[in-house]
Amino acid sequence: MNPVLKLLNARRATRSILPDGLDPEVVEELGQAARLAPSCRNMQPWRYVFMTSPEGLARGREVLAEGNRVWAARAPLLILGHTRIADDCAIKDGREYHQFDLGMSVMCIMLAATHHGLTARPMAGFSPGKARGAFGLAQDDIPFVMLAVGKPGTDESHLPDHYRGIEGNRVRRSASEIIRTV
């Protein structure tokens, strides 16, 4: 099987994350994966805050929406992904391509995490304003996504009832539903 498809099939974004620490070399590798992502005109508009220290994790937890804090607080690594508008490739038709570039970089992190048997769950549920203040981001930096990264767990007893049992098999649309060949 194609190794990329194998990783994509293996990738899961579970909420049950063990609080066990991560090997610093693996965390560094996740940063390298983010760095190597493609971007429009090679502008690389993404920036990240990797939170691994007790202080950094505490600040990261404070910016999460309550629904995410309930489970993501266990993660030994939180990542804030933000973009710099100044580094957008300035397509003149109104598209803010920096957001797409950040998304590609985030997916690289997720695949690298999957390679190491980790889960990396992206979250939109956080306060960009609080994140900007908590991590001293510039005004033109746009906090866009957070990820909770760690070893996946099977015990869901720490999760609220509405999250239990929902992370089984993924359902994906068929190729014929999303791809049109002309």
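The values are calculated or read from the model by the stated rules, or taken from the named source; none is laboratory data. Here the structure is a predicted model, which means the values were calculated and not measured. Backbone-built Cβ (ideal geometry, glycine too); neighbour counts: all protein chains shown. These area figures cover heavy atoms from the full protein model, side chains too; ligands, DNA and RNA do not enter into them. Shrake-Rupley method; radii C 1.70, N 1.55, O 1.52, S 1.80 Å.
Structure notes:
- Accessible area expressed per residue, the chain, with surrounding protein chains retained (probe 1.4 Å, Å²): 56
- The stretch 77-159: C-alpha pair distances exceeding 18 Å, %: 52
- Measuring nothing but how far apart in sequence close Cα pairs (under 8 Å, 6+ apart) lie, relative to its length, the chain scores a relative contact order of 32 percent.
- Two-decimal Rg to Rh for the chain - Kirkwood Rh, Cα set: 0.98
- Inter-site label distance for Ile178 and Ile85 at 7 Å from Cα along Cβ, in nm: 3.1
- Cysteines without a disulfide-compatible partner [the chain; Cβ-Cβ under 4.7 Å]: Cys108
- From largest to smallest, the equivalent ellipsoid semi-axes obtained for the stretch 1-56 from the alpha-carbon gyration tensor read 23, 21, 11 Å.
- Accessible surface of the stretch 20-120, 1.4 Å probe: 54 percent of it comes from carbon and sulfur atoms.
- Of the residues Lys151, Lys130, Lys92, ranked by 1.4 Å probe accessible area with the largest first, the sequence reads Lys92, Lys130, Lys151.
- Principal semi-axes in Å for the stretch 25-92 [√(5λ), Cα gyration tensor, largest first]: 27, 15, 9
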